Structure formats: structure tokens, C-alpha cells
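Down below is the structure, laid out as C-alpha cells.
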Amino acid sequence: MSPVDDMRVRTPNDIGALIRQRRHELGLSQIRLAERVGVSRQWVVEVERGKPRAELGLVLRALDVLDAPLRVEADASPKPVRSPQPAAADVDAVVRAARKPRR
């Protein structure tokens, strides 16, 4: 089992680390990976550094070339449910109730 098999990815830096680690495991240079993905070596350098605006299609292609498929799982711990917002107050009704009746 490769160390990247259960790697949790949450940020562009995590994706970059995953790509770099898997590339090293396979003994690929940045140039060779770039050739196989169809990008420049500079693109590989930027993605491995965590470039936040890397094109998703190319990132997925790089993961495929590296035989590091992307699996998405729902978090086992549910997020807290937000309380519903209180109903908006009827300002006119509040003003009417606060007025004293005229004589």
C-alpha cells in the first residue's frame, strides 16, 4: 500500500504534495511527468507548490498518469445543523401595540 493511498486532500498544497510524492514513488522526473500529462515542466513545478488556480482537468489527468485516482467520500461526522433564523418581527404591529389609545 502506497503512502498516498489514504492521503486526505483539502487544499491545493495537499494536491501538490500528493502529485510530488507519487511522482517520486514512480521515479518520474518533472519533465517526464509533464510530457506524459501534456503540460510544461513549469506547470508541474507550480502544481507541486500548490498553485490554487491550476486547471482541474489537467490536475485530474496528472493524477491519472500517476495512477493516483481521486476518490471522494462524505465525512463520517455530520456537520452541526444551524438553528433556523428567528421570524422577522412585524414592526408595524409592535408600533400599534405600543401606542396608547386616543381619547
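The values are calculated or read from the model by the stated rules, or taken from the named source; none is laboratory data. Fair warning: this is a prediction, and the values are worked out from it, not measured in the lab. Here the Cβ is made from the backbone with ideal geometry for all residues, glycine too, and neighbour counts use every protein chain on show.
Against the definition (among the charged types (D, E, K, R), surrounded by 15 or more Cβ atoms within 10 Å (Cβ to Cβ) and at pLDDT 85 or above), how does Arg36 come out, yes or no? Break it down stepwise before answering.
Working: among the charged types (D, E, K, R): yes; surrounded by 15 or more Cβ atoms within 10 Å (Cβ to Cβ): no; at pLDDT 85 or above: yes.
No, not satisfied.
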task: Residue by residue through the range 7-52, note down the ones that are part of a loop (DSSP other than H, G, I, E, B) and within 14 Å of Leu70 (Cβ to Cβ).
output: Met7, Arg8, Val9, Arg10
query: Hey, any hits in the range 72-94 for a residue that's part of a loop (DSSP other than H, G, I, E, B), at pLDDT 75 or above and of a type outside the set (Gly, Ala, Ser)?
result: yes
message: Pairs please, first residue from the range 55-73 and surrounded by fewer than 12 Cβ atoms within 10 Å (Cβ to Cβ), second anywhere and in a helix (DSSP H, G or I) and not aromatic (Phe, Trp, Tyr), Cβ atoms under 6 Å, 6+ apart in sequence or on different chains.
response: Leu70/Leu63
field: Candidate set from the range 53-70 (those that are in a helix (DSSP H, G or I) and not small (Gly, Ala, Ser)); member that is nearest to Asn13 (Cα to Cα)
entry: Val59
- line: A careful count of residues in the range 40-58 that are among the β-branched types (Val, Ile, Thr) and touching a helix residue (DSSP H, G or I) at 6+ places or on another chain (Cβ under 6 Å) gives 2
